[in-house]
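Reading through the structure tokens given below for one structure.
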Amino acid sequence: MSQIDFLAIGDIVTEPFIRLKEAEILDRDGAEPKLAMRWGDKIPYESATVCAAVGNASNAAVSAARLGLNSALRAYVGDDTYGREDIDVLTHENVSTEFIVTEAGKKSNYHYVLWYEQDRTILVKHEEFSYSVPEIAESPKWLYLSSLADHSLPYHQAWGTWLKEHPETKLAFQPGTFQMKLGIEALKDLYESTEVFVVNRDEAARILSGDRDDIPALLTGLHALGPKTVIVTDNTNGAYASDGTKSYHVPMYPDQPMAYERTGAGDAFASTFVSALALGLSFEDALLWAPINSMAVVQKIGAQAGLLTREELEKFLADAPPSYKIESIA
């Protein structure tokens, strides 16, 4: 492979999607709605679909590859069937597996997705791998850092050091749950090295202990941590973005069929925005690309089946109505 355009870093996982049909949502309009099923009973389910080689970083690597970038993934798998399947999927998707480590004596990550209506609850368990920064012959154009296990602070710090030594590489940071739990101070070097930072609205408020309804304050607060470009996604309300001087809103791409299953919409948005920049597009054009891949992903099961090629994405953009445009916000 020639120089890597897009090196994603994060955990890779196999996920069976279990489609439920006998469940209900409690406190649907509350801050933390609950998925409820009968206790101590046998509950029929509608279907189960196994998705290999998923996870935020792996999804991003596949997204970048389909859009035409030289894409690679740094991740760890166990010496088992699931790990071998993960590598086979990445190879099929033209994602370089040069930096995949198969660790003897470990199990590959395996999560369970409880899918009800258009959304899902994921039961997660990250295995403990011996994370280390690999030798890289030529610095990638972009690193894309996302979800890792809860023992990975030294790994984050090592990548922070690597970035300081390789300022020619740009960092995109889409933090996972554990990375947000670590807090700002623990990841200070990474925040300060970040070119593009992407979270959803609730995550932004959680990181800053701020008001989720004050979008300008969220954008300003995240910029203050160091990132040059900040994006806050807001589900069907689109996304807000700031390049440090101006702030914008981009709507959701006009609905195709109703969302079938929402896993991976955020990954698709973030990775498509970064991929567009890596391909040489402007900030504004990248912001118009990102919602299109999010729209496509939620039409399929899992986070990768709906990801578009560049040709497919540009066709949707060409066919977009006049209402699909970026607007400046205060």
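The values are calculated or read from the model by the stated rules, or taken from the named source; none is laboratory data. It should be emphasised that the depicted structure is a prediction, and the values quoted were computed from it without experimental measurement. Glycine gets a Cβ as well: all are built from the backbone with ideal geometry, and neighbour counts include every protein chain shown. Accessible surface is based on the protein model in full, side chains and every heavy atom, while ligands, DNA and RNA are left aside. Shrake-Rupley method; radii C 1.70, N 1.55, O 1.52, S 1.80 Å.
Restricting attention to segment 116-146 and to residues that are open to solvent by less than 40 Å² (accessible area, probe 1.4 Å) and polar (S, T, N, Q), the residue that is nearest to G105 (Cα to Cα) turns out to be S146. For segment 71-120, filtering for residues that are on the phi > 0 side of the Ramachandran plot and small (G, A, S) leaves 1.
Residue selection: V95 satisfies the criterion of being closer than 19 Å to S146 by Cα, out of contact with any Lys or Arg (no Cβ under 8 Å at 6 or more places or on another chain), of a type outside the set (K, R) and crowded, with 16+ Cβ neighbours inside 10 Å.
Does Y82 satisfy the criteria of being crowded, with 20+ Cβ neighbours inside 10 Å and either touching a Ser or Thr at 6+ places or on another chain (Cβ under 6 Å) or not in a helix (DSSP H, G or I) (or both)?
Details: crowded, with 20+ Cβ neighbours inside 10 Å: no; either touching a Ser or Thr at 6+ places or on another chain (Cβ under 6 Å) or not in a helix (DSSP H, G or I) (or both): yes.
Against the criterion (crowded, with 20+ Cβ neighbours inside 10 Å and either touching a Ser or Thr at 6+ places or on another chain (Cβ under 6 Å) or not in a helix (DSSP H, G or I) (or both)), Y82 does not qualify.
Per this entry, G176 is counted among residues that are at pLDDT below 95 and touching a Ser or Thr at 6+ places or on another chain (Cβ under 7 Å). Name the single residue, out of those in segment 1-21 being at pLDDT below 95 and outside any strand (DSSP E or B), that is farthest from the chain's Cα centre (by Cα). Among them, the one singled out is K21. The condition of being surrounded by 19 or more Cβ atoms within 10 Å (Cβ to Cβ) and either out of contact with any helix residue (DSSP H, G or I) (no Cβ under 9 Å at 6 or more places or on another chain) or closer than 25 Å to V230 by Cα (or both) does not hold for A318. Restricting to segment 147-171, and then to whatever is in contact with a Ser or Thr (Cβ under 9 Å, 6 or more places away or on another chain) and under 30 Å from I18 (Cβ atoms), can you tell me which residue is surrounded by the fewest Cβ atoms within 10 Å (Cβ to Cβ)? Restricting to residues being in contact with a Ser or Thr (Cβ under 9 Å, 6 or more places away or on another chain) and under 30 Å from I18 (Cβ atoms), the top hit is D150. Cβ-Cβ distances below 8 Å connect the following pairs, each with a first residue in segment 213-225 that is closer than 19 Å to Q174 by Cβ, a second residue that is among the charged types (D, E, K, R) and part of a helix (DSSP H, G or I), and a separation of six or more residues or different chains: I215/R201; L218/R201; L225/E192. Of the residues examined, L279 is not one that is in contact with a Leu (Cβ under 9 Å, 6 or more places away or on another chain) and more than 23 Å from I9 (Cα to Cα).
Determine, yes or no, whether S193 is out of contact with any Pro (no Cβ under 7 Å at 6 or more places or on another chain), open to solvent by 80 Å² or more (accessible area, probe 1.4 Å) and of a type in the set (G, A, S). Criteria not met by S193. For segment 37-78, taking the residues that are aromatic (F, W, Y) and in contact (Cβ under 8 Å) with a residue 12 or more places away in the chain, the one that is most open to solvent (accessible area, probe 1.4 Å) is identified as Y45. For first residues located in segment 15-29 and free of Cβ contacts under 8 Å to residues at least 24 places away in the same chain, partners that are of a type in the set (G, A, S) and open to solvent by less than 80 Å² (accessible area, probe 1.4 Å) and lie 6+ apart or on another chain with Cβ distances below 6 Å form the pairs E24/A36; L26/A36.
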